[in-house]
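The values are calculated or read from the model by the stated rules, or taken from the named source; none is laboratory data. Everything numeric here is computed off the predicted structure, so don't read it as measured data. No Cβ is skipped: glycine too gets one built from the backbone with ideal geometry, and neighbour counts run over all protein chains shown.
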Amino acid sequence: MFRMLIASAVIVANASAQDLGPGARPVGPDWSRSPVIAPHGMAATAQPLASQVAIDILKQGGSAVDAAIAVNATLGLMEPTGCGVGGDLFAIVWDPKTEKLHGLNGSGRSPMGRSLDETIARSAAIVGEGKGIPPLGVLPVTVPGTVDAWFELHGKFGKLPMKEILAPAISYARNGYPVSPVIAMYLERNLKGFEARLPMIDEFDNARATYFANGAPKAGAIFKNPDLARTYEKLAKGGRNAFYKGEIARTVDAYMKRIGGDLRYEDFAAHKSEWVDPGCVDYRGYSVCELPPNGQGFAALQMLNILKNVDLKQYKRGSAEVFHYMVEAKRLAFEDVASYYADPQYADIPADWLLSDDYGRERFALIDKTKAMAAPKAGVAPKLEGPGDTTYFTVADSSGMMVSLIQSNYRGMGSGLVADGLGFMFQDRGELFNLDPNHPNAYAPGKRPFHTIIPAFVMKDGAPYMSFGLMGGAMQPQGHVQVLVNIIDYGMNIQEAGDAARFNHDGGSQSTGVDLDPIGVLEVEPGVPEETRAKLKAMGHNVVVDDTGVPFGGYEAIIKDPETGAYWGATEMRKDGIVAGY
C-alpha cells in the first residue's frame, strides 16, 4: 500500500510539473548549470558514476591518464551504447613534464584474410550493389584498438598499477549499477535497431543475453555484466597480451570461425597503436589542435581556417549569417574529407595544403553570403611526391596533465556481435571503408578505415588552455567549431558554450562513396530563433527543427585558468554526465 501511495504521488507530481515552465537561475539564465571549478583535479564525463571513479583514482595518486583509463573501463560497462573495449580510441595528452602534446591513434585494422573483391560481393548480397558495407554483422568488424591504447597510454603516463585502475569497473560490472536515463533511452533505441535488422547479424543471442536479457534496461534498473568483469580481470592480471595474444584473442578467433566471421588470432596479435603528432591551426590567437587522418579532426581545422576570413562578431550569435557561414564552411571541408581522408599508411594525404591559410582563403572565396552553394566540390590538391555513437571525456590532474580522450564502437552499440563469454560488443567501424578500389579510403586487408571520433585540444600563448570534445559521428567537427566560435568569438563561458543551440548538417559527398544530397539537411535545435530559420530557408538551406537533442552530440570540456591554475569544467546537458573536481 505504501509503495502504491508513493507511485500515485509521483504521477501527480509529474502531471503538475508538466504545467510549469522552467525555474529561474540567479546567475547565467542561459546556462543549464554553473561551470564546475576545482583547484586540484577534474573529470568531465557522460555518466556521473564514471566522473566519481576518475576523482577517486586521482585522489589515490593516479595520473590523469590513469583516471581516464578507469573512466573508459567504467563507461564501457555503463555506457555500452557509446563505447567499449570492442571499439577504438584516440587521445591527446598534454604532458607538463615535456611541455608537449602527445597524440595516440588507437584504431584497429580490417581482417588480413578478406580481400576487397570478397568484401564487395558479400556486401552486395546483404545490402545491395553500390550501397557500401553493411552496418551490422561480421563484415564491418575491425580489430578493437582500445585495450592496446590503454596500455600504451599507461606505459608512458601511468602511475598506479592497472589492477587498481580497473578495480572500480570490475566491481560495478560484478555487483551492478543503476542505469541512467539518457543511456536507458539509447539502449532501447539500439535494441529496436538490432531487431529491425536481425537478418544482417550473423549471431545475436550473445548480445541479447549480455545486454537485453529482459529487454532494454530501464532507467534505475540495476545492470550487471559478469562476463565483462572477468574480461577486465584478465586485462588487470595479464596486460594487453591477454587481449591480443592470449585467451581473449583465441576466444574471438573461435567465435568468428563459428559464425562465419573474418577476424583471426593473427589479426589481434599483429595489432598496435600509433603515436602521432597533432596538427594545429591558429584561430584568432588560439592554437586549436586535432589528430591527423585516418580521423576527421582536420575537418574542424579546415572549417576554422575558412571562418577566420570573416568577422563573425559583426553579427549576432543567433543570426542566419553566422549559421550560414559555419554550415557552408562545413560543406566545403567535408568534401575534402570525402576525397582525401584515409589511413596515411595507404594514402598520400596533403595535410599541409589542407590546413594552410592560403587554402582556407581559397575555400572561403567560394561562399556566397546570400545563398547556399548548390553542390560544393573538393579542392584540387597539388601533386605529391612519393607513394558514426561515441563517448568523449576529459580528465586533468594536479600536475597539470590534461587528457582529451574519445572512444567508440561507431554506429549505435556496434556490430551486434558479442563473443562467447567476453561481455563486450565488437565495433562496426569497417562500415566506413569505401568499396571503390581507386579511392584513398578503399577497403584493403589490414587497413584502418576512415574514422569519425576526434579528441581536441586548445593552446593559448604556448600553454594548455582547453581539453574538449564532442561525440556524435559527423557532428563532431561541426560541434567543435560551434563550441569554439561560442567561446572565442562570442565570449561564452565553458558551460554556456555547450548549452547553446546547435546545428547538425548532414549531406554531400561521403568517405564511403555512398553520397548524399549535396544540399543536405540542416537540423537545428528549437533554440535557434524562428527568424533565423526562416532566413536560412530563404538562402536555400533545407532546415529541419529537431527537439530530441540526439543529433547534436555530447560535449565535455575542461579549461585551465591561465591566471589561477584552477580547472573549469563543463558537461553536456544532452547527456547524463556531470563534472567532478576536488
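Of the helices (runs of 4 or more DSSP H) entirely within region 96-213, none holds at least 1 residues that are modelled with pLDDT under 95.
Among the residues of region 153-175, the ones that are among the acidic types (Asp, Glu) and crowded, with 23+ Cβ neighbours inside 10 Å come to 0 in all.
Answer yes or no as to whether Gly400 is surrounded by fewer than 22 Cβ atoms within 10 Å (Cβ to Cβ) and in contact with a Lys or Arg (Cβ under 8 Å, 6 or more places away or on another chain). Walk me through it before giving the result.
Details: surrounded by fewer than 22 Cβ atoms within 10 Å (Cβ to Cβ): yes; in contact with a Lys or Arg (Cβ under 8 Å, 6 or more places away or on another chain): yes.
Taking the combined requirement at face value, the residue satisfies it.
Is it the case, given these coordinates, that Asp148 is on the phi < 0 side of the Ramachandran plot and crowded, with 20+ Cβ neighbours inside 10 Å? Criteria met by Asp148. Specify which of the listed residues (Gly430, Gly469) is crowded, with 24+ Cβ neighbours inside 10 Å, of a type in the set (Gly, Ala, Ser), in contact with a helix residue (DSSP H, G or I) (Cβ under 9 Å, 6 or more places away or on another chain) and under 30 Å from Ile37 (Cα atoms). So the residue among Gly430, Gly469 that is crowded, with 24+ Cβ neighbours inside 10 Å, of a type in the set (Gly, Ala, Ser), in contact with a helix residue (DSSP H, G or I) (Cβ under 9 Å, 6 or more places away or on another chain) and under 30 Å from Ile37 (Cα atoms) is Gly469.
For region 457-471, check the following and say yes or no: at least one residue is polar (S, T, N, Q), under 23 Å from Ala500 (Cβ atoms) and within 21 Å of the chain's Cα centre (by Cα).
First, the residues of region 457-471 that are polar (S, T, N, Q): 467.
When the remaining residues are screened for being under 23 Å from Ala500 (Cβ atoms), the result is 467.
Narrowing further to those that are within 21 Å of the chain's Cα centre (by Cα): 467.
Checking region 457-471: at least one residue is polar (S, T, N, Q), under 23 Å from Ala500 (Cβ atoms) and within 21 Å of the chain's Cα centre (by Cα).
Among the residues of this structure, Leu484 counts as one that is within 29 Å of Tyr582 (Cβ to Cβ), aliphatic (A, V, I, L, M) and in a helix (DSSP H, G or I). Only one of the numbered conditions (1) farther than 28 Å from Ala91 by Cβ; (2) among the hydroxyl-bearing types (Ser, Thr, Tyr); (3) outside any loop (DSSP other than H, G, I, E, B) is violated by Thr370, and that is (3).
Considered as a group, the residues in region 194-242 that are of a type in the set (Gly, Ala, Ser) and surrounded by fewer than 16 Cβ atoms within 10 Å (Cβ to Cβ) include one that is nearest to the chain's Cα centre (by Cα), and that residue is Ala219. Pro344 meets each of the listed conditions (1) in a loop (DSSP other than H, G, I, E, B); (2) of a type outside the set (Asp, Glu); (3) within 19 Å of Cys280 (Cβ to Cβ); (4) in contact with an Asp or Glu (Cβ under 6 Å, 6 or more places away or on another chain) apart from (4).
Do you know which of the residues in region 543-582 that are small (Gly, Ala, Ser) and under 21 Å from Gly41 (Cα atoms) is surrounded by the fewest Cβ atoms within 10 Å (Cβ to Cβ)?
Going residue by residue through region 543-582, those that are small (Gly, Ala, Ser) are 549, 553-554, 557, 565-566, 569-570, 577, 580-581.
Applying the additional criterion that residues be under 21 Å from Gly41 (Cα atoms) yields 557, 565-566, 569-570, 577, 580-581.
Numbers: Ala557: 28, Gly565: 11, Ala566: 14, Gly569: 26, Ala570: 29, Gly577: 28, Ala580: 25, Gly581: 22.
Result: Gly565.
Is at least one residue of region 272-281 at pLDDT 95 or above, out of contact with any strand residue (DSSP E or B) (no Cβ under 7 Å at 6 or more places or on another chain) and surrounded by 21 or more Cβ atoms within 10 Å (Cβ to Cβ)? The answer is no, given that none of the residues of region 272-281 is at pLDDT 95 or above, out of contact with any strand residue (DSSP E or B) (no Cβ under 7 Å at 6 or more places or on another chain) and surrounded by 21 or more Cβ atoms within 10 Å (Cβ to Cβ). Checked against (1) modelled with pLDDT under 95; (2) in contact with a strand residue (DSSP E or B) (Cβ under 7 Å, 6 or more places away or on another chain), Ala44 meets all criteria but (1). Remark: pairs (first residue in region 144-172, over 24 Å from Asp267 (Cα atoms); second residue among the polar types (S, T, N, Q) and assigned to a helix (DSSP H, G or I); Cβ separation under 8 Å; 6+ apart in sequence or on different chains) = Pro168/Thr74; Ala169/Thr74; Tyr172/Thr74. Sub-7 Å Cβ pairs linking a first residue in region 563-582 that is closer than 15 Å to Ser467 by Cα and modelled with pLDDT of 95 or more to a second residue that is of a type in the set (D, E, K, R) and not in a strand (DSSP E or B), at least 6 apart or interchain, are Trp568/Asp561, ordered by first then second residue. A count restricted to region 367-383 and to residues that are over 27 Å from the mean Cα position of the chain (by Cα) and surrounded by 15 or more Cβ atoms within 10 Å (Cβ to Cβ) stands at 4. Applying the criterion of being more than 21 Å from Ala38 (Cβ to Cβ) and either hydroxyl-bearing (Ser, Thr, Tyr) or in contact with a Ser or Thr (Cβ under 7 Å, 6 or more places away or on another chain) (or both) to the residues of region 472-510, the residue that is surrounded by the fewest Cβ atoms within 10 Å (Cβ to Cβ) is Tyr490.
Just to check your reading of the model, which residue among Leu291, Leu307 is surrounded by 19 or more Cβ atoms within 10 Å (Cβ to Cβ), under 26 Å from Ile165 (Cβ atoms) and touching a helix residue (DSSP H, G or I) at 6+ places or on another chain (Cβ under 8 Å)?
On the way: Leu307 fails: under 26 Å from Ile165 (Cβ atoms).
Of the residues listed, the single one that is surrounded by 19 or more Cβ atoms within 10 Å (Cβ to Cβ), under 26 Å from Ile165 (Cβ atoms) and touching a helix residue (DSSP H, G or I) at 6+ places or on another chain (Cβ under 8 Å) is Leu291.
Determine, yes or no, whether Val288 is in a loop (DSSP other than H, G, I, E, B), hydrophobic (A, V, I, L, M, F, W, C), within 30 Å of Met492 (Cβ to Cβ) and modelled with pLDDT of 95 or more.
So Val288 fails the test.
Just to check your reading of the model, which residue among Gly113, Gly137, Gly106, Gly82 is surrounded by 18 or more Cβ atoms within 10 Å (Cβ to Cβ) and more than 19 Å from Ala456 (Cα to Cα)?
Numbers: Gly113 fails: surrounded by 18 or more Cβ atoms within 10 Å (Cβ to Cβ); Gly106 fails: more than 19 Å from Ala456 (Cα to Cα); Gly82 fails: more than 19 Å from Ala456 (Cα to Cα).
Step by step, each of Gly113, Gly137, Gly106, Gly82 is checked, and only Gly137 is surrounded by 18 or more Cβ atoms within 10 Å (Cβ to Cβ) and more than 19 Å from Ala456 (Cα to Cα).
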